[in-house]
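Participant: The structure follows.
The values are calculated or read from the model by the stated rules, or taken from the named source; none is laboratory data. In this text the structure is predicted, and so the values were computed from the model without any measurement. Here the Cβ positions follow ideal geometry from the backbone for every residue, glycine too, while neighbour counts run over all protein chains shown. Protein only, heavy atoms only, side chains kept; ligands, DNA and RNA dropped before computing areas. Shrake-Rupley method; radii C 1.70, N 1.55, O 1.52, S 1.80 Å.
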Amino acid sequence: MMTKKLPRLTIVVPCYNEEAVLPSSAKTLGEILTKLIAGQQVTTDSKILFVDDGSHDQTWETVQTLQAQNALFTGLKFSRNYGQEVALMAGLRTAAPYSDLTITIDADLQDNPYLIPTMVQQAADGFDIVYGVRNDRSSDTWFKRTTAQRFYWLMNKIGVHLIPNHADYRMMTRCALTALLRYHETDPFIRGIVPQLGFPSTKLYYKRRPRTAGVSKYPFSKMLKLALNGIFSFSLVPIRAIMGVGSLVCLAALVAFGWLGIDALRGITTAGVGPIMASLWLLGGLQLMALGIIGEYVGRTFAQSKHRPAFIVETDTYSNEFAQKITEGTRFQHQPS
Ligand code: UDP
Ligand code: MG
C-alpha cells in the first residue's frame, strides 16, 4: 500500500513587543499543531516560527523559553524593528526551503487560529492559497473599521483588487510561496501581491476577536504608511491624476485669460494683488504636491535600485535546526588525534 506523504507545516508568527500575549498564544498554537501531528495531517517536525521584529520587551526571551520547553517552537530574531510585512516575508523565506505548507497569523490570535486544521485540509483538497477573511469586525474600533472600508474601496477604484477584509492570515502551499518569494520588493505589501499570483484559492470566514492582552502595534501613523505603501507600490493612478489636475488648471487658466482679455477690451480692469496671490499659492501648492507624488515613486525606485538587504537576522534557530538535520552524517567530523 502507498503511504501518503505528509506535508511539513510551518506557522509563521510576527511578533513585536508581544510578551503579554505570547505565552497564551503559543499554548493555543502548540495545542492546534500537536493535534494536527497526532491526526497525521502534518509531519512530526512541523513548526511554529516566531519572528521577533526587534522587540524591546521580553518577547525574545519568551521565545527562547518556549523553544527550550517544546521542540515545536522555533524563532527568528531581527537585529531591529522592520515592520510586520518584512517580518512575514523573512519568516516565509526562512521557512520556504523546509516547508510544504506555510500559514501566517498575528501573534495576538485575533484571527481565529482554530481554522488552521481546515486550511491544512483545504491544501489537501487542492487549494494552493487559503485567505482568512474577517466577516465580522465589530471588535475593531469604529475608526479602524471605517478607514479599512474606505481603503478597500479606494484600492478597488484605482485598480488594485485586494480581498476585502483579508489581512495576513493565510495558508500557502510550496508552489504559491515559491511564486511569492520571486517578488523582491523593498516594502512588500503581501496582501496585494498574493492575489496576483494566481493558483487555486479559497476563502475562510471568521469573526475577528478582540486582543486578549497587550496593545495594538498599529498606531495611525503605521496604518497610514501601510495604506500608502499599498497605493504607491501597486498603482500609477496618482501620477496620472497629476496629469488630470494639471490639464484642468491649464484649462481654467485659459478661460481666465479669455475673460480678462474681454474685460480689457471693454475697458474693465481689476485692481489689487489679492487674486494674483491666491492663484500663485494655489498653483505653487499644486506643483509641490505633484512633485511630492512623483518623488514618492522616484524614492521607491531609488530604494529598490540599491538592493539593500530587506532585513538583518540576528538569530535563526529554525534554519539552524533543519540545516543541521540535513547535513548530519555528511558533515565533517573533527577526529581527535
Ligand atoms: N507586528 C510586527 N511588527 C510591527 C508591528 C506589528 O511584527 O512593527 C506584528 C504584531 O506583533 C502582531 C501583528 O504584527 O503579531 C499585527 O499587529 P497588531 O495585532 O498590533 O495589529 P492590529 O491587529 O491592531 O491591526
Ligand atoms: Mg491584532
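Participant: Can you pick out the pairs among K27/K225; K5/K207; K4/K47 whose Cα atoms lie more than 29 Å from each other?
Facilitator: K27/K225; K5/K207
Participant: Let me ask something else. Ignoring ligands, DNA and RNA, please state the percent of accessible area on the chain from carbon and sulfur, probe 1.4 Å.
Facilitator: Values: 11860 of 18730 Å².
The value for the chain is 63 percent carbon and sulfur by accessible area.
Participant: Here's something else I'd like to know. Can you tell me the dipole magnitude for the chain around its Cα centre, using point charges on the Cβ only (Lys, Arg +1; Asp, Glu -1), in Debye to the nearest 20?
Facilitator: 660 debye
Participant: A further question on this structure: So, for the chain, what is the accessible surface per residue at a probe of 1.4 Å, expressed in square angstrom? Numbers along the way, then the final one.
Facilitator: Numbers: 18730 Å² over 337 residues.
For the chain, the solvent-accessible area averages 56 Å² per residue.
Participant: How much length, in nm to one decimal, is gained on full extension between R80 and R150, taken as 0.36 nm per residue of separation minus their Cα-Cα distance?
Facilitator: Result: 22.0 nm gained on full extension.
Participant: Taking 0.36 nm per intervening residue step and subtracting the Cα-Cα distance, what contour gain separates I239 from I268 on full extension? All intermediate terms of the calculation are to be shown ahead of the outcome.
Facilitator: Working: separation 29, 0.36 × 29 = 10.44 nm, distance 3.97 nm.
Additional length available on full extension: 6.5 nm.
Participant: Scan region 1-35 for trypsin sites (Lys or Arg not before Pro) in coil per DSSP, keeping those whose Cβ has at most 16 other Cβ atoms within 10 Å, and list them by number.
Facilitator: Sparse-neighbourhood loop trypsin sites (Lys or Arg not before Pro): K4, K5.
Participant: From the phi of every residue in region 67-82, what ³J(HN,Hα) in whole Hz does the Karplus formula 6.51 cos²θ - 1.76 cosθ + 1.60 yield, where θ is phi - 60° and glycine or proline is x?
Facilitator: In residue order, the calculated couplings are 4, 5, 7, 8, 5, 5, 9, 9, x, 10, 10, 7, 6, 7, 7, 10 Hz.
Participant: Report, by chain and number, residues whose modeled amide H sits under 5 Å from the one on L204, excluding near sequence neighbours (fewer than 5 apart, same chain).
Facilitator: Close amide H contacts, sequence-distant or interchain: Y131, G132, V133.
Participant: Using Cα atoms only, what is the angle between the long axis of helix 22-38 and the major principal axis of the chain, expressed in degrees (0 to 90) to the nearest 10?
Facilitator: 60 degrees
Participant: When the Karplus curve 6.51 cos²θ - 1.76 cosθ + 1.60 is applied with θ = phi - 60°, which whole-Hz ³J(HN,Hα) does each residue of region 191-197 get, with x for Gly and Pro?
Facilitator: After applying 6.51 cos²θ - 1.76 cosθ + 1.60, I find 5, x, 6, 4, x, 7, 6 Hz.
Participant: Pairs of Cα atoms under 8 Å, at least six residues apart: use those to get the relative contact order of the chain, whole percent.
Facilitator: Relative contact order here is 21 percent.
Participant: Share of antiparallel DSSP beta bridges in the chain, in percent to the nearest 5?
Facilitator: Values: 11 of 33 bridges.
Antiparallel bridges: around 35 percent, rounded to the nearest 5.
Participant: Considering amide H positions built from the backbone, and no H for Pro or chain starts, which residues 5 or more places from T315, or on another chain, come under 5 Å of its amide H?
Facilitator: Placed amide hydrogens put K77 under 5 Å from T315.
Participant: What order do C15, C175, C250 take when sorted by accessible area (1.4 Å probe), most exposed first?
Facilitator: C250, C175, C15
Participant: Please list the non-local residues whose amide H lies under 5 Å from the amide H of S46, H modeled 1.01 Å from N, same-chain partners needing a gap of 5 or more.
Facilitator: L9
Participant: Round to the nearest 0.05 the FRET efficiency obtained for R137 and I293 when R0 = 41 Å and r is the Cβ-Cβ distance.
Facilitator: 0.85
Participant: How long is the gain from A38 to V249 if the chain were fully straight, where each residue apart is worth 0.36 nm and the alpha carbon distance is subtracted?
Facilitator: Full extension of this stretch gives 69.2 nm more.
Participant: For the chain, what is the calculated [θ] at 222 nm in deg cm²/dmol (nearest 500), taking -39500 (n - 2.57) for each run of four or more DSSP H residues and dividing by its residue count?
Facilitator: -16000 deg cm²/dmol
Participant: From Cα pairs below 8 angstrom and at least 6 apart in sequence, can you work out the relative contact order of region 184-337, rounded to a whole percent?
Facilitator: Computed value for region 184-337: 38 percent relative contact order.
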